[in-house]
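The values are calculated or read from the model by the stated rules, or taken from the named source; none is laboratory data. Fair warning: this is a prediction, and the values are worked out from it, not measured in the lab. Please note: Cβ atoms are built from the backbone with ideal geometry, for glycine as well, and neighbour counts cover all protein chains shown. Side chains included, ligands, DNA and RNA excluded: accessible areas come from the protein's heavy atoms. Shrake-Rupley method; radii C 1.70, N 1.55, O 1.52, S 1.80 Å.
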Amino acid sequence: LGLVSNEIGVPYIVLQKEDAFFSSYKGTKWYSELLKQWNGFKGRHIIVHSEIAREVFVDSGYVASRNISALGSLRMDEYVARVKSYNNVHFNKSSHIRKKVTLFSFYHGVGLEALMPQWSGNQKHGFVRLFELVHVSMARLAMQMRDVDFVIKPKWGGSWITKIETVLKENNIDVNRIENLSILCDTNVHNLIFESDVVCAFQSTTMLEAAIHADKKVIIPYFDEAKYPEYEGYLQFKDYYYLFDVAHSVDEFEKLIIEGLEKPKRVDEDLLQK
């Protein structure tokens, strides 16, 4: 499209998709090797979301440094302003009557795109067991705590929702019979974060977005395949796990969710800055 635009004299802009590849060592390395195969950028300028992405594009030789800018994520401006206003006004207050726990769902191969497809057909490849344990835990907690709303948020519907429902069914759980458990793929992510008391996420930028709230408990499930040595370099934001509540087992995962519901986590200013 760019080459044709040049040929007919029409200006065009390339906006790099907001990729989480740049949040892990192996992901960054894989993307850099990919860029080296693409024979250089044929346009005039690229805009990316982060300085890390910019460095990868330049260091790979794909584009000259003068032809690429890191301008941040467009969708974040309004959200950050909203969060700052929220943090200044709220302290251990809830804007909703019922408490809410949200899991930003993940697929088997999240962050492992260089190694495998999104869904694994092999129990030994990807975050298969982690996917099962985390989603089953959400359903079981929902059954135990009927006065709390539980939301599972996949990025899209169709096969993803089917995978969730299937793994629950295999554990004798019928999601349609749990009134306080919802699987929502179309709801607004930022609204969902604001409405939630506890946010659970894995290999997702949503854990960063939720964490900049002063009183949101953000839990990362870090057990089973997530601890496999071969996946170490593919874990996104792994060097910054210390900023979050990290669950090292499924029991700890459920315990941290319950704790977050009982008492919101008030994050100090220094931690918020990090």
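Tell me the carbon and sulfur percent of the accessible area for segment 179-274, rounded to whole percent, probe radius 1.4 Å.
Carbon-and-sulfur percentage of accessible area, whole number: 47.
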Take every Cα-Cα distance within the chain, group them into 5 Å bins from 0 onward, and report for each bin the whole-number percent of pairs it holds. 1, 5, 11, 15, 17, 15, 13, 10, 6, 4, 2, 1, 0
Which net charge results for the neighbourhood of Val199, defined as the other residues with beta-carbon distances under 11 angstrom from its beta-carbon, given Lys and Arg at +1 and Asp and Glu at -1? +1
For Ala247, the residues 5 or more places away or on another chain with a placed amide H closer than 5 Å to its own amide H are Ile220, Tyr222
Given a 1.4 Å probe, how much area per residue of segment 161-242 is accessible, in Å²? 43 Å²
Please calculate the 1.4 Å probe accessible area of Ser60, with all protein chains present, and give it to the nearest 10 Å². 20 Å²
Computed over segment 144-268, the relative contact order (Cα-Cα under 8 Å, seq sep at least six) in percent reads 22 percent
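Using a 1.4 Å probe on the protein chains only, how many percent of the accessible area of segment 28-88 belongs to carbon and sulfur?
Within segment 28-88, the accessible surface is 49 percent carbon and sulfur.
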